[in-house]
Amino acid sequence: QERLSQIAKFSTLHPRPEGHKFAYGTAGFRLLGSLLDSVVFRVGLLAALRSRKLDGETIGVMITASHNPPDDNGVKLIDPQGEMLEASWETYATKLANAETDDELTKDYLAVAEALKINLDSPANVVFARDTRASGPALVAALKDGLQAVAADYTDYRILTTPQLHYVVKCINTATTATPYGKPTEEGYYEKLATAFQIVTMGKPKPPVITVDAANGVGGPKLKELARYIGSDHIDINVVKDEIDAVEKLNHQCGADFVKTQQKLPLGLEPASLELYASLDGDADRIVFYYVDEASKFHLLDGDKIASLVAMFIRDLLAVSGVDLQVGIVQTAYANGSSSKYLTDILKVPVTVTPTGVKHLHHAAQLFDIGIYFEANGHGTVLFSNSAMKSLESFEAQNPGQQDAVTTLLSLAALINQTVGDALSDLLLVTAILSHKVWGPDEWNLAYTDLPNRLVRVVVKDRMAFKTEDAERRLVEPKGLQAQIDALVKKYKSGRSFVRASGTEDAVRVYAEAATRLEADELAVKVSDLLK
Ligand code: NG1
Ligand code: ZN
């Protein structure tokens, strides 16, 4: 009883703003930082409940709004194996966030505990971190209050990238198992990745020099630190857009989301032809690469290009090694049609399509021995199943070629962040492969040519009226709309278009691709017009 009064007592310090309906969506809670105080406080309560439900396993809380503008912020929970919060808990998060009064909050908190048979006297462990946003420190204070209100133990990891916190969570929870994931510290992260990179690229030429736009976010300083651990004998990384103190510059006309959606260079970047460039997003869980050719034409190497490069490399290594493992790819409807065709027809690896959202891709990738998933926007990773790891570890190579391939595959598993898409880890993965192939960006780009495409955001009266099927590729509702889209698409060579409600913004997205730039743009406009 006394303890419950603590919740109400602390909650009065974090009043809920009136007139706002909060929802835990694909990216957790995300909105203006100034509106998030009560939400983050309550997420503290929920994180403790989640940990108590799982026998005191450590839960992560990340405070970030990724690629959103500087004034936004957000918060999301990380489950014990470094995965996204289990979907069934999203409704509890939403419930607590929307409780109208301090008493209602206490009541809702107790109701969740009771429904899930959670022992409120058992230990709770939580770790948290934030990105570089100005609203971060105050939100951290709110989170600490939430954790204190319910007597949870916590560790503040201060400023980290989102994937670094996912890594830490997994390390803590696997520390005493047969397969510890690594040292649960920022240094441990750098050491693990740096060592793996050195092994993967051993005896190979240095990868092409890479210039990285860090979106003026947390990825800048972290990437420089990582590069220091690897050493300039092994890789040359040149970080630009790393003004984390100029908070208003975060994601502004730079960063992975800008480059991918605008299909152009970050503002002010003057690229040398045929050199490799990349952009991170604001919390460094997404990366896209690009270059300009001799004719100054811009070429984007997005998540689909990354997935294709990685699939080709891993498939070839497996063939050399003689280890019998199934590689598979997971994409969403946003994958460029040319990439899907290349993966299926040329590489002959199976492709699964899931709805948008990392949790869908991640789970589908877990069904393969080695599952590669990337969203076209550059968020993705590669998952090695436990049995795949065992097969590789116990494999008895018949010759040095096989041994090499197996060693490389095992080091790749260490180099790749197995918990979540990680821009820094993906950057090393891509450059390691380019080093093996002795390729520059233009050779990488040769595998297939993207179909010109266009993504349009359309604000509609009620985005919830848009219901889809077939991994969001077809509309079921509003009735009749899909038939109209089909009729338009039919008129375009290599045409494809679909409409779905955004899970993170109050809008619907229209995607269109076709044989030429003009036709892709025209199809996108015509489909958008159907929604008006
Ligand atoms: P929504 O807003 O549901 O389209 C966007 C991205 C997703 C994913 C989430 C989470 C596109 C088209 N959509 O989702 O891929 O990254 O944000 O941040 O890029
Ligand atoms: Zn992000």
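The values are calculated or read from the model by the stated rules, or taken from the named source; none is laboratory data. Computed from a prediction, not measured in an experiment: that's the story for all the values here. Virtual Cβ from ideal backbone geometry, glycine too; neighbours counted across all protein chains shown. The accessibility values were calculated without ligands, DNA or RNA, using every heavy atom of the protein model including side chains. Shrake-Rupley method; radii C 1.70, N 1.55, O 1.52, S 1.80 Å.
Of ILE244, ILE210, all but one fail to be within 16 Å of ligand 2 (Cβ to nearest atom), over 20 Å from TYR167 (Cβ atoms), in contact with a helix residue (DSSP H, G or I) (Cβ under 9 Å, 6 or more places away or on another chain) and β-branched (Val, Ile, Thr); the exception is ILE244.
Residues in region 199-224 that are open to solvent by 60 Å² or more (accessible area, probe 1.4 Å) and part of a helix (DSSP H, G or I) were compared, and the one that is nearest to ALA272 (Cα to Cα) is LYS224. Residues considered: PRO271, PRO266. Of these, the only one that is more than 16 Å from ligand 1 (Cβ to nearest atom), in contact with a Gly (Cβ under 8 Å, 6 or more places away or on another chain) and assigned to a loop (DSSP other than H, G, I, E, B) is PRO266. What residue, among those in region 271-290 that are open to solvent by less than 10 Å² (accessible area, probe 1.4 Å) and not hydrophobic (A, V, I, L, M, F, W, C), is nearest to THR162 (Cα to Cα)? Once the filter is applied, the top-ranked residue is ASP283. Can you find, within region 56-72, the residue that is nearest to SER122 (Cα to Cα) among those that are surrounded by 24 or more Cβ atoms within 10 Å (Cβ to Cβ) and within 14 Å of ligand 1 (Cβ to nearest atom)? By that ranking, first place goes to MET62.
Would you tally the residues in region 316-350 being among the hydrophobic types (A, V, I, L, M, F, W, C), over 19 Å from ARG500 (Cβ atoms) and not in a helix (DSSP H, G or I)? The qualifying residues number 5. When the residues of region 474-532 are filtered to those that are among the β-branched types (Val, Ile, Thr) and assigned to a loop (DSSP other than H, G, I, E, B), the one that is nearest to TYR334 (Cα to Cα) is THR504. Within the option set TYR181, TYR167, being in contact (Cβ under 8 Å) with a residue 12 or more places away in the chain, more than 18 Å from VAL43 (Cβ to Cβ), within 16 Å of ligand 2 (Cβ to nearest atom) and within 30 Å of the chain's Cα centre (by Cα) holds for one residue only, TYR167.
The set of residues from region 323-351 being open to solvent by 50 Å² or more (accessible area, probe 1.4 Å) and not hydrophobic (A, V, I, L, M, F, W, C) comprises ASP324, GLN326, LYS341, THR344, ASP345, LYS348, PRO350. Apart from one condition, ALA129 fits all of (1) open to solvent by 10 Å² or more (accessible area, probe 1.4 Å); (2) on the phi < 0 side of the Ramachandran plot; (3) outside any helix (DSSP H, G or I); the exception is (1). The single residue among SER387, SER435 that is under 27 Å from the mean Cα position of the chain (by Cα), of a type in the set (Gly, Ala, Ser) and under 28 Å from THR161 (Cα atoms) turns out to be SER435. Kindly indicate the residue of region 378-407 that is open to solvent by less than 20 Å² (accessible area, probe 1.4 Å) and in a helix (DSSP H, G or I) and also farthest from ALA319 (Cα to Cα) among those meeting that condition. In this case the residue turns out to be ALA388. Just so you know, in region 276-319 the residues that are among the acidic types (Asp, Glu) and out of contact with any Gly (no Cβ under 8 Å at 6 or more places or on another chain) include one that is farthest from ligand 2 (Cβ to nearest atom), and it is GLU294. So how many residues does region 110-126 have that are aliphatic (A, V, I, L, M), within 12 Å of ALA48 (Cβ to Cβ) and not in a helix (DSSP H, G or I)? Going through region 110-126 one residue at a time, the tally reaches 4.
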